[in-house]
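The values are calculated or read from the model by the stated rules, or taken from the named source; none is laboratory data. As the structure is a prediction and not an experimental result, all values here were calculated from the model. Here Cβ is always computed from backbone atoms with ideal geometry, including for glycine, and neighbour counts include all displayed protein chains.
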Amino acid sequence: MKQVDVLKNKATEQLVHEVDVGIHVVDAEGTTIIYNQKMVQIEGMNQHDVLNKRLVDVFSFHKNEDSTLLQVLKNGEPIKNAKQTYYNNRGQEITTINHTIPIMDGRKRIGAMEIARDVTKLEKLLRENMNRRSDTHYTFDSIIGQSAAISEVVEASKRATRTSSSVLIIGDTGTGKELFAQSIHNGSNRSSAPFISQNCAAFPDTLIEGLLFGTKKGAFTGAIDRPGLFEQANGGTLLLDEINSLNPALQAKLLRVIQEKTVRRVGDTKDKKVDVRILATMNEDPIDAISEGRLRKDLYYRLSVVTLFIPPLRNRRDDIPELAYAFLEKYDHLFGLNVSKIDDQVLQILMQYDWPGNVRELEHIIEGALNVITYEDTISYNHLPMHFRKKLHVKPETIITVNPQITEITDIQPLDKYVEESETIYLKQVLHQFNFNITKSAEVLGMSRQNLQYRLKKFGIKRTQRDDSTGSKES
């Protein structure tokens, strides 16, 4: 064999196994002769399970005619973009989108080749999504916290229940955006109608379009008449989470539906009227998303009739004790324990931490602590999850507990004022202990230098003559 022929054969063999699509080739008898590595991954089998074996002896179909390879082998007609569901030799369900063509030698049919894309997980998610209705059990009473930051958003959200205008909810991951969305729905006159929630980043563009707008039978091979989320939410509310993850073309179609109040299924020629209130969420600044091409400006203006900014937990620290005890009560009841208290030292740590994961992270910390606790009735420092303690860079003996003893209150004042005064005293104590060394104090407190310096400025804490006399000169 010539060197060039050897090169061609080797290149073809390597190419078959390197491409990111499944390739399955059978001969005229339906016996597998080529089965590439991607197909191994898709079908969860080894090559020796399939190669040189008849297709029907390895895979299970509802009937042989359901196999696109066998259909092409029998009829000699190519099949394009056909969805196929079948089972491997362990009974696991597999769903692929196939492009299948006959292999001809002149006029003689000598085999068939299939190029397959795996949609097994996506198909399962799609079925689950289409069959569910969101459990809208959250109301405004579910929102925990009395701080000015959260109270302002709650009041704005309650006012939004009076109309059917679109609402854009902006907040970091874990701040509780869906909790606000459900509360708005349940507080409105649409509360008895459907509430449908969909994360726009959960599916690729090829599936999210059909999911949102529905499909018409015959639109593509395997397509059936299926209502989209707009039709399912008719009369109610549709929550579109991470709206900025949709590509611009889909954002344009979404804008048309919102403006025209009609939806057209994929492959259809007729529009259907829909009455749906749109709530959308984002976890980034919309101005940044617009300037970087992730959000259409016209869609933003349409969605942001009412705009809510959910504050991160670090901006509503006054709510941390109440939130911590609410999560303690929730998981104590769930786990059947008898834990009723959180150590003052732990509360101080929780108050000082920056909470990049926000309320969701706080909930996970309390849940994690209750998984460690045994017979005690109080969450202490040693019960906090190890990964959380490592992030703190703090030793329990360096934490100074403020007002550890419970005494009769003679001068009752607003909670936020009391917390501010307590935090000021605590910061002064820590700073004095470390001779006003900002770096060391910030490390012990589990915060950045910038965060500590912000607090010093906010509370008007300055170096005293006593601090200067103790040695360190860092500012």
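Structure above, values below:
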item: Qualifying position, being surrounded by 13 or more Cβ atoms within 10 Å (Cβ to Cβ), closer than 24 Å to Cys200 by Cα, modelled with pLDDT of 90 or more and assigned by TED's automatic domain parsing to the domain that holds Asn244, among Ser147, Ser134, Ser157, Ser142; result: Ser157
item: Candidates His24, His17 - the one that is surrounded by 10 or more Cβ atoms within 10 Å (Cβ to Cβ), under 26 Å from Gln92 (Cβ atoms) and modelled with pLDDT under 85; result: His17
item: Flag if Ala249 is under 18 Å from Leu299 (Cα atoms), out of contact with any helix residue (DSSP H, G or I) (no Cβ under 7 Å at 6 or more places or on another chain) and not polar (S, T, N, Q); result: yes
item: Residue that is at pLDDT 85 or above, surrounded by 15 or more Cβ atoms within 10 Å (Cβ to Cβ) and touching a Ser or Thr at 6+ places or on another chain (Cβ under 9 Å), where the choices are Ile103, Ile97, Ile79; result: Ile79
item: Counted residues, segment 288-306 - those being without any contact (Cβ under 8 Å) to a residue 12 or more places away in the chain and either under 19 Å from Phe180 (Cβ atoms) or in contact with a helix residue (DSSP H, G or I) (Cβ under 7 Å, 6 or more places away or on another chain) (or both); result: 2
item: Options Gln429, Gln450, Gln413, Gln405: the member that is surrounded by fewer than 16 Cβ atoms within 10 Å (Cβ to Cβ) and modelled with pLDDT of 80 or more; result: Gln429
item: Checklist (1) exposed (fewer than 15 other Cβ atoms within 10 Å of the Cβ); (2) of a type in the set (Val, Ile, Thr); (3) within 38 Å of the chain's Cα centre (by Cα); (4) at pLDDT below 80 applied to Thr439, failing item; result: (4)
item: Residue satisfying all of: in segment 114-131; at pLDDT 65 or above and among the aliphatic types (A, V, I, L, M); nearest to the chain's Cα centre (by Cα) among these; result: Val119
item: Segment 333-355, subset under 22 Å from Leu179 (Cα atoms) and in contact (Cβ under 8 Å) with a residue 24 or more places away in the chain, residue farthest from the chain's Cα centre (by Cα); result: Asp354
item: Only listed residue being touching a residue at least 60 places away in the same chain (Cβ under 8 Å), buried (at least 16 other Cβ atoms within 10 Å of the Cβ) and not in a strand (DSSP E or B), chosen from Met39, Met45; result: Met39
